[in-house]
Amino acid sequence: MPITPQPPYVIGDGQPYQPQSRWKKLLGPLAGLGVVIAKFFAQLKFLILPLLKFLPILLKSGGSMLLMIGVYAWAFGWKWAVGFVVLLFIHESGHLIVARWFGLKVGAPVFIPFMGAFIALKEAPRDAWMEASVGIGGPVLGTVGAVACHALGVVLDSPLLISLGYTGYFLNLFNLIPLGQLDGGRIATALSPWLWLPGMAIMCWLAWHRPNFIIILILIVSVPQVIALFRPRTAEQQRYFEVTPFQRGAMAAMYFGLIAFLLFGMHETQQDLQDRPQMRHHQPQVAATVSATSTANGLERF
């Protein structure tokens, strides 16, 4: 007996109704979701690829930061360790920003526990003004970080933040000593290299009254630099140290003004330490950390 085909069902609008399979109903929304996810990752590659490009830098700088935080956390507690390393990072970022503004090739900050932090200049500044500008960039931005810690500590009545502010002031002030690899030694190139002589005297005084291996090392390394002051300059060296009167005056105002402000900041934080009895136990911690670390903080000499 022949089978007569049945006509399709008709729905209310007169269109034939063809029943859909269960799998088609299930896979339809999943396919749409897959398209959305694919588009998302296609856009995400523009973020991931640059991060992969800078991954070695992130590992080098971030890894050394984590190492320093871990060492200081063991010695002074994790809150102090994080705050102190962040202050170092802000200081080094000042050097990094100014160096790149001048178009210099520079490496990412590297942190060494109980030694400090530095950035390596991959090419030498072209003149004394450029060297001094890169040198003072760290203390300027570092002072901003110290002021932020100090102000927040006063507002929040936080012993930790005020003591970190004091450390930040001292850290940047120490680096302004005009000698050797310290930031002040670079700044002196645009003012007068003869400032290296009082810088040497200050460092000798510190080595005598507060003996420290790093201070002694800085003194030894700086001896050839100071001796070179008494030798005739070559024509190339003469051109390097040439700065305009305006540049010398501007750098002198920034340098000596920053020193005065940092001394004032240290005085104010000391007053806050004395006015808050609960903060006295932070003072030995400040002194120990500063004496162990601030001596080597700054730019790596090329």
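Here are a few things to note about the model shown:
- Hits in the range 125-180 (condition: outside any helix (DSSP H, G or I), of a type outside the set (Asp, Glu) and surrounded by fewer than 22 Cβ atoms within 10 Å (Cβ to Cβ)): Pro125, Arg126, Ser158
- Boolean, Leu66 is modelled with pLDDT of 80 or more and under 27 Å from Ala132 (Cβ atoms): no
- From Val144, Val155, residue being at pLDDT 95 or above and over 23 Å from Met203 (Cα atoms): Val144
- Screening the candidates Arg248, Arg239 for the property of being among the basic types (Lys, Arg) and over 16 Å from Leu191 (Cβ atoms) yields one hit, Arg239.
- Residue list for the range 200-214, filter: in contact (Cβ under 8 Å) with a residue 12 or more places away in the chain and open to solvent by 10 Å² or more (accessible area, probe 1.4 Å): Met200, Ile202, Cys204, Ala207, Arg210, Asn212, Ile214
- Where Leu197 falls short, out of the listed (1) farther than 18 Å from Glu131 by Cα; (2) at pLDDT 90 or above; (3) open to solvent by less than 60 Å² (accessible area, probe 1.4 Å): (3)
- The residue of the range 213-253 that is farthest from Arg126 (Cα to Cα), among those that are assigned to a loop (DSSP other than H, G, I, E, B) and in contact with a helix residue (DSSP H, G or I) (Cβ under 6 Å, 6 or more places away or on another chain), is Val243.
- Considering residues of the range 242-262 that are exposed (fewer than 12 other Cβ atoms within 10 Å of the Cβ) and among the aliphatic types (A, V, I, L, M) only, the residue nearest to Ser133 (Cα to Cα): Ala253
- Test: residue in the range 225-248 that is under 19 Å from Ala117 (Cα atoms) and of a type outside the set (Phe, Trp, Tyr): no
The values are calculated or read from the model by the stated rules, or taken from the named source; none is laboratory data. These numbers were taken from a predicted model, which means no experiment stands behind them. Neighbour counts are summed over all protein chains in view; Cβ atoms, including those assigned to glycine, are modelled from backbone coordinates with ideal geometry. Side chains included, ligands, DNA and RNA excluded: accessible areas come from the protein's heavy atoms. Shrake-Rupley method; radii C 1.70, N 1.55, O 1.52, S 1.80 Å.
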